[in-house]
Amino acid sequence: MSHPTGTPGHAASIHTLPSYLDPQHLGPWGIYLQQVDRVTPYLGHLARWVETLKRPKRALIVDVPIELDNGTIAHFEGYRVQHNTSRGPGKGGVRFHQDVTLSEVMALSAWMSIKNAAVNVPYGGAKGGIRVDPKKLSMGELERLTRRYTSEIGIIIGPSKDIPAPDVNTNGQIMAWMMDTYSMNVGSTATGVVTGKPVDLGGSLGRVEATGRGVFTVGVEAAKLTGLPIEGARLAVQGFGNVGGTAAKLFADAGAKVVAVQDHTGTIFNGKGLDVPALLAHVQARGGVGGFAGADTLSNDEFWAVDCEILIPAALEGQITQDNAGKIKAKMVIEGANGPTTPEADDILHDKGVLVLPDVIANAGGVTVSYFEWVQDFSSFFWSEDEINARLVRIMQEAFAGVWHVAQEHKVSLRTATFIVACQRILHAREMRGLYP
Ligand code: GLU
């Protein structure tokens, strides 16, 4: 116990700096490192362990070869990163996207550690991905890709090791293939190896809507605390999938007006409020908001300057930057996506008095219901949807109230407050477990 403490100066002198700690290295991992630096002064004696958070525990890169329908062989790069397992097994989604990189998956896995600790579910943080445009694959190709990837990462995942789930461009069907592949390899059906499965395969009621419901829940809590009426509030939403679509529906049901929606097919606007159920049906049928009758079209840039009270980025990271943050008119930004706001943009929004509800608390509803799914799989006893939703809302409200309190106490942003709560939990667990050997 009386050994030299791991101060950064001491650490730097005896071990080499991993490439991903290079301060010149930007991108999502660089942003995450900046967020950790911002919170370090608030960690007290636990700051001794902070280096733990700056290095993923384990990162696996796999080659995923598949035979395409035309008989040729294609290779894709896949990843699974376990950022931290101090509080429990790794947990986090798998994303299929042509722009996925190791650095991005590392950052997403770290944000999972923070998120899981922030809502106090007993998990560490992990994330996976394949660098592929799944829209270019047939169903058969997508299945072979998913199965080969699962088999390759099978050496580090498992119901008590690391539990994948859906993320961008992955869904219940892909989770069913992952569960089946893992189960075939271990020789018994292991439903708890992934969450976000179809309900008939050990999935949980309410899981598909859970992230959007969590976004709505923290939005309502923050609105109460800041005196912003939801009734009549104008909303702009980027991304209209599970997260953005569900959040928009719940806000509209509560009396808000969804005035603008942007996705990869374009930006639509209606100052009187879009018909959300009709838009959900249109997106279901057409794959995007483009071409929706009953709305005007805006340029993608104009979206950010729309007059509204609430802005919900629910697509990809790095969307709110120093180039567009100044134009934002909303009073509140609720981050449905992971990492949508860069640190420079965070500062601009803060100076303008815009309240940002950060991803690491705002979109934690998905993993919270993933946790319920995993518990239900272990006990083979399933809860009603009302029970799931009520438990979800309770966890989100309590976690948000805790973070709000820390933000007031230290006079910091909600992002820094969430990091304070989460990093303390992770590093306290780290300290109690101690270093092995
Ligand atoms: N992909 C979701 C997220 O980013 C859910 C992860 C999970 O349920 O494990 O939070």
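The values are calculated or read from the model by the stated rules, or taken from the named source; none is laboratory data. A quick note: this is a predicted structure, and the numbers were derived from the prediction, not measured. Note that each Cβ is placed from the backbone with ideal geometry, even for glycine, and that neighbours are counted across all protein chains shown. Accessible surface areas use protein heavy atoms only, side chains included; no ligands, DNA or RNA. Shrake-Rupley method; radii C 1.70, N 1.55, O 1.52, S 1.80 Å.
Please enumerate the residues belonging to segment 169-204 that are in contact (Cβ under 8 Å) with a residue 60 or more places away in the chain, assigned to a helix (DSSP H, G or I) and either among the basic types (Lys, Arg) or over 25 Å from Val132 (Cα atoms) (or both).
Within segment 169-204, Thr191, Gly192 qualify.
Quick one: which of Ala252, Ala248, Ala176 is under 26 Å from Gly271 (Cα atoms), crowded, with 20+ Cβ neighbours inside 10 Å and more than 12 Å from the ligand (Cβ to nearest atom)?
Sole residue among the options that is under 26 Å from Gly271 (Cα atoms), crowded, with 20+ Cβ neighbours inside 10 Å and more than 12 Å from the ligand (Cβ to nearest atom): Ala248.
Here's the yes/no breakdown for (1) aromatic (Phe, Trp, Tyr); (2) outside any helix (DSSP H, G or I); (3) more than 13 Å from the ligand (Cβ to nearest atom); (4) modelled with pLDDT under 95:
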residue	(1), (2), (3), (4)
Asn300	no, yes, yes, yes
Leu311	no, yes, yes, no
Gly326	no, no, yes, no
Lys329	no, yes, yes, no
Val356	no, yes, yes, no
Val360	no, no, no, no
Tyr371	yes, no, no, no
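Can you tell me which residue within segment 207-216, out of those that are touching a residue at least 40 places away in the same chain (Cβ under 8 Å) and open to solvent by 10 Å² or more (accessible area, probe 1.4 Å), is nearest to the chain's Cα centre (by Cα)?
Ranking the candidates gives Thr211 first.
Select from segment 255-269 the residues that are open to solvent by 40 Å² or more (accessible area, probe 1.4 Å) and not hydrophobic (A, V, I, L, M, F, W, C) and list them in ascending order.
Residues satisfying the conditions are Lys257, His264, Thr265.
Just to be sure before I move on: is Ala337 over 19 Å from Lys197 (Cα atoms), under 22 Å from the mean Cα position of the chain (by Cα), of a type in the set (Gly, Ala, Ser) and part of a helix (DSSP H, G or I) in the structure I sent?
no
Under 7 Å by Cβ, and 6 or more places apart or on different chains, what pairs join a residue from segment 80-103 that is modelled with pLDDT of 95 or more and hydrophobic (A, V, I, L, M, F, W, C) with one that is within 12 Å of the ligand (Cβ to nearest atom) and open to solvent by 10 Å² or more (accessible area, probe 1.4 Å)?
Qualifying pairs under 7 Å: Val94/Asp167; Val94/Thr170; Phe96/Asn169; Phe96/Thr170.
Going by the conditions given, is Asp307 of a type in the set (Asp, Glu) and part of a helix (DSSP H, G or I)?
no
Looking at segment 66-89 only, could you name the residues that are of a type in the set (D, E, K, R) and either under 21 Å from Gly154 (Cα atoms) or within 12 Å of the ligand (Cβ to nearest atom) (or both)?
Glu67, Glu77, Arg80
Just name the residue that is nearest to the ligand (Cβ to nearest atom) out of those in segment 90-121 that are buried (at least 21 other Cβ atoms within 10 Å of the Cβ) and in a loop (DSSP other than H, G, I, E, B).
Result: Gly93.
What's the number of the condition Arg391 fails, among (1) surrounded by fewer than 19 Cβ atoms within 10 Å (Cβ to Cβ); (2) within 11 Å of the ligand (Cβ to nearest atom); (3) of a type in the set (D, E, K, R)?
With (1) surrounded by fewer than 19 Cβ atoms within 10 Å (Cβ to Cβ); (2) within 11 Å of the ligand (Cβ to nearest atom); (3) of a type in the set (D, E, K, R) applied to Arg391, the lone miss is (2).
Can you name every residue in segment 122-132 that is farther than 25 Å from Trp404 by Cα and either within 12 Å of the ligand (Cβ to nearest atom) or modelled with pLDDT under 95 (or both)?
The answer is Ala126, Lys127, Gly128, Gly129.
Return yes or no: is Thr217 under 22 Å from Phe372 (Cα atoms), touching a helix residue (DSSP H, G or I) at 6+ places or on another chain (Cβ under 6 Å) and assigned to a loop (DSSP other than H, G, I, E, B)?
Judged against the criteria, Thr217 is not a match.
Under 7 Å between Cβ atoms, at least 6 apart or on separate chains: pull out the pairs that start in segment 140-168 with a residue that is open to solvent by less than 10 Å² (accessible area, probe 1.4 Å) and aromatic (Phe, Trp, Tyr) and end on any residue that is modelled with pLDDT of 95 or more and away from the ligand (no atom under 14 Å from the Cβ).
Tyr149/Val62; Tyr149/Val64; Tyr149/Gly78; Tyr149/Ile130
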